[in-house]
């Protein structure tokens, strides 16, 4: 028995890997996604299915050399978005809306972002002189399905690829 929390609710269960049958294994996520889409279009109950990526890898793609100019430009871009957001909030809740307030907030945000970008680059310059993007990729993707639905899913996929209607489940036959 677990102890109830201060607010009377139990803590959420820790995340777990879905259990069931492997409907198929695919090299890319779009391939696995297409199979689930085909099942959905065939009116198969896809609730409870999962696409599980295995053999995860972190990929960092180098996009270029970092310079003071690039740091300033990146900082100005992110700062202008923050300023634009605050400017729009002020515009929406202002008693006398003035659109120049939005523009001014975006410019002020760009200025502060540019300064922050330059200072951040100057502090970290010798540790990281390049810009990059990060991705987490899987080596393969499996579609996991409830074991009681595996045979029907395979039939629905076969029917969908042949262009025919998938066979009705026992529940659907009972309703008619």
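What follows draws every value from the coordinates through simple rules; no lab data is involved. Every value quoted in this text rests on a predicted model; they were computed, and no experiment measured them. In this analysis, Cβ positions are derived from the backbone assuming ideal geometry, glycine residues included, and neighbour counts consider all displayed protein chains.
Quick look at the numbers
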| item | result |
| --- | --- |
| Gyration tensor (alpha-carbon) shape descriptor, segment 67-128, a/c threshold 1.5 | prolate |
| Segment 32-176, relative contact order in percent, only Cα pairs under 8 angstrom and at least six apart counted | 38 |
| Spacing of the two label points (7 Å from each Cα toward its C-beta) at residue 40 and residue 94, in nm | 4.2 |
| Under 16 Å from the residue 104 label point (7 Å along Cα→beta-carbon), backbone N, segment 52-88 | 83-88 |
| Prolate/oblate/rounded label for segment 41-103 (Cα gyration tensor, a/c 1.5) | oblate |
| Fewest-first sequence of 44, 85 by Cβ atoms within 10 Å of each Cβ | 85, 44 |
| Relative packing of peptides 62-69, 73-80, 86-93 - highest average C-beta neighbours within 10 Å first | 73-80, 86-93, 62-69 |
| Prolate/oblate/rounded call for segment 32-145, Cα gyration tensor, a/c under 1.5 rounded | oblate |
| Residue order, fewest to most surrounding Cβ atoms within 10 angstrom, among 96, 60, 31 | 96, 60, 31 |
| Segment 67-128: relative contact order in percent, alpha carbon pairs under 8 Å with at least 6 residues between | 49 |
| Sequence ranges 97-106, 124-133, ranked by mean other-Cβ count within 10 angstrom, highest first | 97-106, 124-133 |
